[in-house]
Amino acid sequence: MRVIGLMSGTSYDAIDAAAADLRLDGDSLVLRPLGMVGDAYGAEVREALAAALPPAATTLAEVCRLDTLIGQAFAATALRADRELCDGRAELVASHGQTVYHWTDGGQVRGTLQIGQPAWIAEATGLPVVADFRPRDIAAGGQGAPLVSLFDLLWLRGRPGTPVALNLGGIANLTAPDGTAFDTGPASALIDAAVHHFTGRAYDTDGALAARGRVHEPLLSRLLDEPYYALPAPKTTGKELFHRDYLLAALADPAVLATAVDPAAPTDTGVLSHQDVIATLTRLTARTVADAVRSVRATEVIASGGGTRNPVLMAMLAEELPGAPVHTSDALGLPSAAKEAYAFAVLGFLTLHGLAGTDPRSTGARHPSVLGSVTPGRDGLPRVPRGLKQPVRLVIG
């Protein structure tokens, strides 16, 4: 079955679409990558989304408007993926949508909201769409994240040692072979917030700003005091916690010894420059990810996501983990930029076949769940065999 997976992460910079030919072969799920395409959000949508996300206030009218605009944007990307990657022969679309809120309370997830109305995708492509993946796991007592964990467990099975799969998006998450999976904290969320606040740019291209700064130890120590890092797994977080105002509060703390940041200050003065802030946030990501990797006694790290394109972050991560080699999923035949989109293609395929898309060890749910809601295509739903066995491994080929 040719499936298109659609993903936009917590960085909300673009929509990624990955197409895969998926089939069940005994107890294996075989994934043949067909390629990926990506479309940046238009300026209007990106600005409106940024203005509506926590800690900002918004209205139901704006949520409704964004649900439509993002659904239409996802539909356009799905059409492009079908045309360019599947020769117009895709059979299913799996859409993660855009996360706008993940409601946590005392370590328990109470609800989650991903927008990007799937009806627009089904109408534009004529294909059935699986969407709204996370709520079912939450209803079963789980965290609703990280949902890539089942994909990772199938993919890592049989690999020697204790490999962990690491995703570096806006938030970082990892999966270990024993099923342990959790959000480690921010990957690029705070870095991007600082870059935008101080420069107006969206992100630190090639880690250039971090490379020109120096890690400010008082600020790093203040940020590492965040209680989230000490919570036991499973746990999830998001930009509801790690956002610009969170950073500004840390900078204003007297313990940081810097009540203001001078964007023009050279890094060799006593004034904290914005390059120093970004270098410190990059080290924060590397340190908290490394702490999480050490907690599961990993022997290697297989990284994916946008953060892998930041050489300063990757170098810092390697420094923090001298005993565990860090490489990207590209080395295992899975493009790091497309891994999450491929993961949701797999989850959509499993849903359509009535198979579970979660492992309770990873999310903390009471039981595995078939995920998502299905929007029929122009011809309804495709006929698929039922009573199939749950796959135990993922084969790329």
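The values are calculated or read from the model by the stated rules, or taken from the named source; none is laboratory data. On a predicted model such as this, the values are computed, not experimentally measured, just so you know. We place every Cβ from the backbone using ideal geometry, glycine too, and count neighbours over all the protein chains shown. Just so you know, the surface numbers come from the protein's heavy atoms only, side chains and all, with ligands and any DNA or RNA stripped out. Shrake-Rupley method; radii C 1.70, N 1.55, O 1.52, S 1.80 Å.
Looking at Thr358, Thr351, just one residue is surrounded by 13 or more Cβ atoms within 10 Å (Cβ to Cβ) and in a helix (DSSP H, G or I), and that residue is Thr351. Just one residue in the set Ala14, Ala51 is open to solvent by 10 Å² or more (accessible area, probe 1.4 Å) and under 18 Å from the mean Cα position of the chain (by Cα); that residue is Ala14.
Only one of the numbered conditions (1) open to solvent by less than 20 Å² (accessible area, probe 1.4 Å); (2) touching a helix residue (DSSP H, G or I) at 6+ places or on another chain (Cβ under 6 Å); (3) polar (S, T, N, Q) is not met by Ser8, and that is (2). Within the stretch 92-116, restricting attention to residues that are modelled with pLDDT under 95 and either open to solvent by less than 50 Å² (accessible area, probe 1.4 Å) or not in a strand (DSSP E or B) (or both), the residue that is nearest to Ile138 (Cα to Cα) is Val109.
From Arg46, Arg23, Arg65, grab the single residue that is open to solvent by 50 Å² or more (accessible area, probe 1.4 Å), at pLDDT 95 or above and closer than 22 Å to Phe344 by Cβ.
On the way: Arg46 fails: at pLDDT 95 or above; Arg65 fails: closer than 22 Å to Phe344 by Cβ.
Unique residue meeting the criteria: Arg23.
The set of residues in the stretch 151-188 that are touching a strand residue (DSSP E or B) at 6+ places or on another chain (Cβ under 8 Å), of a type in the set (Gly, Ala, Ser) and either within 22 Å of Asp27 (Cβ to Cβ) or buried (at least 24 other Cβ atoms within 10 Å of the Cβ) (or both) comprises Gly158, Ala165, Gly170, Ala172, Ala176, Ala181, Gly185, Ala187, Ser188. Open to solvent by 20 Å² or more (accessible area, probe 1.4 Å), in a strand (DSSP E or B) and at pLDDT 95 or above: does that describe Val374? For Val374, the condition - open to solvent by 20 Å² or more (accessible area, probe 1.4 Å), in a strand (DSSP E or B) and at pLDDT 95 or above - is met.
Given the criterion surrounded by 24 or more Cβ atoms within 10 Å (Cβ to Cβ), of a type outside the set (D, E, K, R) and in contact (Cβ under 8 Å) with a residue 12 or more places away in the chain, identify the matching residue among Val148, Val215. Spell out how you get there, then give the answer.
Working: Val215 fails: surrounded by 24 or more Cβ atoms within 10 Å (Cβ to Cβ).
Criteria check complete, one pass: Val148.
Within the stretch 303-325, the set of residues being over 15 Å from Thr288 (Cα atoms), surrounded by fewer than 19 Cβ atoms within 10 Å (Cβ to Cβ) and among the small types (Gly, Ala, Ser) comprises just one member, Gly323. If the requirement is being of a type in the set (A, V, I, L, M), out of contact with any Asp or Glu (no Cβ under 8 Å at 6 or more places or on another chain), in a loop (DSSP other than H, G, I, E, B) and at pLDDT 90 or above, which of these qualifies: Ala298, Ala318? That would be Ala298, the only listed residue that is of a type in the set (A, V, I, L, M), out of contact with any Asp or Glu (no Cβ under 8 Å at 6 or more places or on another chain), in a loop (DSSP other than H, G, I, E, B) and at pLDDT 90 or above.
Within the group Ala119, Ala131, which residue is under 23 Å from Leu381 (Cβ atoms) and surrounded by fewer than 24 Cβ atoms within 10 Å (Cβ to Cβ)?
Numbers: Ala131 fails: surrounded by fewer than 24 Cβ atoms within 10 Å (Cβ to Cβ).
Going through Ala119, Ala131 in turn, just one is under 23 Å from Leu381 (Cβ atoms) and surrounded by fewer than 24 Cβ atoms within 10 Å (Cβ to Cβ): Ala119.
So Asp330 ticks every box in (1) touching a Ser or Thr at 6+ places or on another chain (Cβ under 6 Å); (2) in contact (Cβ under 8 Å) with a residue 24 or more places away in the chain; (3) charged (D, E, K, R) but one. Which box is left unticked? All conditions are met except number (2). Looking across the stretch 333-348, the residues that are touching a residue at least 60 places away in the same chain (Cβ under 8 Å) and either of a type in the set (Val, Ile, Thr) or open to solvent by 10 Å² or more (accessible area, probe 1.4 Å) (or both) come down to Gly333, Pro335, Ala337, Glu340, Val346. State whether one or more residues within the stretch 68-86 are open to solvent by 50 Å² or more (accessible area, probe 1.4 Å), part of a helix (DSSP H, G or I), on the phi < 0 side of the Ramachandran plot and touching a helix residue (DSSP H, G or I) at 6+ places or on another chain (Cβ under 6 Å). Yes, the conditions are met somewhere in the stretch 68-86.
Which residues, taken from the stretch 171-205, are of a type outside the set (Gly, Ala, Ser), touching a residue at least 12 places away in the same chain (Cβ under 8 Å), out of contact with any helix residue (DSSP H, G or I) (no Cβ under 8 Å at 6 or more places or on another chain) and within 20 Å of Ala50 (Cα to Cα)? Within the stretch 171-205, just Asp192 meets the criteria.
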